[in-house]
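See below for the structure under consideration.
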Amino acid sequence: MGIIPSVLTCIGSRRLSQIDNFRKNPVECQNEVLFSLLKKAEQTETGRKHGFSSIRSYNEFSSVVPLRSYDDYLPLIERMRKGEKNLTWPGEIKWFAKSSGTTSARSKFIPISTESLWECHYQAAKDILYLYTRNNPDTRIFSGKALTLGGSNRINHEGNNIYGDLSAVLIWNAPFYIELIRTPRQKIALIEDFEQKLELITKSTVNQNVTSFSGVPSWYLTLIKSVLSYTGKSNLLEVWPNLEVFFHGGISFTPYREIYKKLIPGDQMHYMETYNASEGFFGIQDNPLDNDMLLMLDYGIFYEFIRAEEAGSPSARAVMIGEVEKDVNYALVISTNGGLWRYVIGDTIVFTSTSPYRFRISGRTRQFINAFGEELIVENADSALSEACRLTGAIVTEYTAGPVFMGEASRGSHEWLIEFEKDPDSIGKFTEILDSTLKSLNSDYEAKRFKDINLVKPLVYPVPRGTFTQWLKSKNKLGGQNKVPRLSNTREYLDEILLVAKSINVQS
C-alpha cells in the first residue's frame, strides 16, 4: 500500500465516522453549525447590526436576518474587494470566486474566506476520496494522476485581492503536495485562454498515467474529444488504460451519460456526482447504487429551504433541516463560513430521502419555462431528453429550450435547440417521446398540452456541432464553470443561439 492510501485509511476512517454521525443527528449538527457561525461573526458589521450575540434560536435568527440575493450583498462585496475588513466575516477577504453564469450578464464575486476554503471546499475534496475509497476498496486511482481542467485567475488591482473561477482559486491555494498527484502542472491549469489551455493540457497529459478526473461534464467532453483527435484513438481507455473514475458536478450528468459510455467503454469506469458551487460545497453521492447525493451538514454551511413556488415572494417561509419533506421542490438558502447570511443561491433541490438527507438537483430558480402555466423545470427536461435518447439511439451534447409565444393566429409552444453527438433515428419520433415523457413527468405541462388547446407539440431544432461552444465564446465564457442555460422563460438565449447556428450553416 502506498503512502497516500495509507494516510487516507487512517484519517478517513475517523472522518467517515463523523459523516455517519451527522447522518444520524442532522438537526443537532445543523444547530451546532448555526451557532458556531453566529459566534465567529458576532463582532463583524453584519453581526453587530443583527445582534448575533443575543440570538438563541433558529426562529430568532430567521426573524432578524432577512433573506438576501447577490444584489442585496453587492455593496458589501464591493467594500470587501477594496480591502475593508470585518464586514460579514472576521478579518479580510482576499479571495473571490468569480461566477459568470450565462443567466446573468454581470459577473458575481463570491467571497472565499480561509475557513470556507479549508473547512468546506478542501474538506469536501477529501471526503469524496474517503467515500470513494470506502465504496471501492480495490481502487488504484492513487497509482496515477488526477487530471484537472481548471479555470483562470487574475489580480484585481482595485484592492489587494485575487479572483478567478472557483476551480482556479482551489488550484492556486492547494497544498504543495497536490502538484505531485495532479496533472497538468499549475501553470497550464490556470491559463486564461481556454483554447490554448485545451491544447496544452492535451499534449502534456496523453503520455501520463491518468486514473481520475473531476469537473463539469460538458467541458471535459470537449477535452476528451481533443485528446482523441490528437492521439487518433477511438476511446479514452486506449489513451489512459487505468482511468477509473470521473468525479463530476456543476450540471446534470443525465444528458451526457450515454456519450461518456461510448467514449469510455467497459465496466471499469465509475461516476460519482458532487454538488459544489462558488458559494460552497453541498453534496456528495455516497452510494454508488443511488444517483442521489448526501447533504453534507458539517462544512460550516447552515441550510434553509423555501418551497420553490414561493421563492422571491416577500411572504416566503423558510424551514431548516428536520422540517423538509420528500418530493418537494425547494429553493436553497445558505449561511456560510464565507460570510454569506441567508443567501438565496438560486438552485433548487428535491429530497429523495430524509433518513439520511439525500437529494437531487432539480434546477435553478430562474431556469424554468412557465410562459403558459406549465411550470417546466430542468429536472423534467433532463429526464425527458434521456428517455427520448434511449428510445431513438440519439446522444445529446448540449441543449436549451424556451417558449414560442402565442400570436394572433397561433398557439404557444416550446422550442428546443439541441446539439446531437449522434442524431436520433427519427426527429419526429424523438419529439413525440420528448413530449409524451414531459406529460408523464409534469401534470401542469400535460394539462396545458391537452388537445393542443394552450400548447402545441414542441419544436425540436437540431443545431450544428459547435453551436453552443461558439455562442459561449462570443460571450467570452469558454471553459471554467460557465454553463449553457437549459431553460428560459424568455427567448433571449434561443434567438442568440439560433443566429449562431444559422451562421455556422451558412459557412458550411
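The values are calculated or read from the model by the stated rules, or taken from the named source; none is laboratory data. Here the structure is a predicted model, which is why all the values come from computation and not from measurement. Cβ placement follows ideal geometry from the backbone for every residue including glycine, while neighbour counts extend to all protein chains displayed. Ligands, DNA and RNA are excluded from the accessible area calculation, which covers all protein heavy atoms including side chains. Shrake-Rupley method; radii C 1.70, N 1.55, O 1.52, S 1.80 Å.
At-a-glance table
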{"item": "Pair list, Cβ under 8 Å, 6 or more apart: region 294-323 residue free of Cβ contacts under 8 Å to residues at least 12 places away in the same chain and in a loop (DSSP other than H, G, I, E, B), other residue buried (at least 20 other Cβ atoms within 10 Å of the Cβ) and of a type in the set (Val, Ile, Thr)", "result": "Arg317/Ile306"}
{"item": "Matching residues, region 75-91, being touching a residue at least 12 places away in the same chain (Cβ under 8 Å), in a loop (DSSP other than H, G, I, E, B) and not β-branched (Val, Ile, Thr)", "result": "Lys82, Gly83, Asn86, Leu87, Trp89, Pro90, Gly91"}
{"item": "Any hit, region 243-259, residues being open to solvent by 10 Å² or more (accessible area, probe 1.4 Å), under 15 Å from Tyr271 (Cα atoms), modelled with pLDDT of 95 or more and hydrophobic (A, V, I, L, M, F, W, C)", "result": "yes"}
{"item": "Check on Tyr299, modelled with pLDDT of 95 or more, more than 21 Å from Arg140 (Cα to Cα) and hydroxyl-bearing (Ser, Thr, Tyr)", "result": "yes"}
{"item": "Qualifying helices (runs of 4 or more DSSP H) (wholly inside region 159-253; at least 2 residues being out of contact with any Gly (no Cβ under 6 Å at 6 or more places or on another chain) and under 25 Å from Gln470 (Cβ atoms))", "result": "194-205, 217-231"}
{"item": "Hits in region 275-293 (condition: surrounded by 22 or more Cβ atoms within 10 Å (Cβ to Cβ) and either in a strand (DSSP E or B) or aromatic (Phe, Trp, Tyr) (or both))", "result": "Tyr275, Asn276, Gly280, Phe281, Phe282, Gly283, Ile284, Met293"}
{"item": "Residue match in region 51-66 (condition: closer than 24 Å to Gly312 by Cα, of a type in the set (D, E, K, R) and modelled with pLDDT of 95 or more)", "result": "yes"}
{"item": "Filter result (polar (S, T, N, Q), open to solvent by 20 Å² or more (accessible area, probe 1.4 Å) and closer than 30 Å to His248 by Cα) within region 483-508", "result": "Asn489, Thr490"}
{"item": "Residues satisfying the stated conditions in region 63-74, i.e. open to solvent by 80 Å² or more (accessible area, probe 1.4 Å) and either more than 23 Å from the chain's Cα centre (by Cα) or in contact (Cβ under 8 Å) with a residue 60 or more places away in the chain (or both)", "result": "Ser63"}
{"item": "Selection from region 294-310 of residues that are open to solvent by 10 Å² or more (accessible area, probe 1.4 Å), within 17 Å of Phe351 (Cα to Cα) and not charged (D, E, K, R)", "result": "Ala308"}
{"item": "Enumeration of residues in region 158-192 that are without any contact (Cβ under 8 Å) to a residue 24 or more places away in the chain and either in contact with a Leu (Cβ under 9 Å, 6 or more places away or on another chain) or among the basic types (Lys, Arg) (or both)", "result": "Ile171, Trp172, Arg185, Lys187, Ile188"}
{"item": "Which numbered condition Leu38 fails, given (1) under 21 Å from Asp298 (Cα atoms); (2) free of Cβ contacts under 8 Å to residues at least 40 places away in the same chain; (3) open to solvent by 60 Å² or more (accessible area, probe 1.4 Å); (4) part of a helix (DSSP H, G or I)", "result": "(3)"}
{"item": "Which numbered condition Val344 fails, given (1) open to solvent by 20 Å² or more (accessible area, probe 1.4 Å); (2) β-branched (Val, Ile, Thr); (3) within 17 Å of the chain's Cα centre (by Cα); (4) closer than 18 Å to Gln285 by Cα", "result": "(4)"}
{"item": "Subset of region 354-392 that is at positive phi and open to solvent by less than 40 Å² (accessible area, probe 1.4 Å) - its residue that is farthest from the chain's Cα centre (by Cα)", "result": "Gly373"}
{"item": "Unmet requirement for Phe142, which otherwise passes all of (1) open to solvent by 70 Å² or more (accessible area, probe 1.4 Å); (2) modelled with pLDDT of 80 or more", "result": "(1)"}
{"item": "Any hit, region 328-336, residues being surrounded by fewer than 21 Cβ atoms within 10 Å (Cβ to Cβ), closer than 21 Å to Leu438 by Cβ, touching an Asp or Glu at 6+ places or on another chain (Cβ under 6 Å) and not polar (S, T, N, Q)", "result": "no"}
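Yes/no per residue for (1) within 26 Å of Ser218 (Cα to Cα); (2) surrounded by 14 or more Cβ atoms within 10 Å (Cβ to Cβ); (3) not charged (D, E, K, R):
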position: Gly402; (1), (2), (3): yes, yes, yes
position: Arg411; (1), (2), (3): no, yes, no
position: Trp416; (1), (2), (3): yes, yes, yes
position: Glu421; (1), (2), (3): yes, yes, no
position: Phe430; (1), (2), (3): yes, yes, yes
position: Asp444; (1), (2), (3): no, yes, no
position: Ala447; (1), (2), (3): no, yes, yes
position: Ile453; (1), (2), (3): no, no, yes
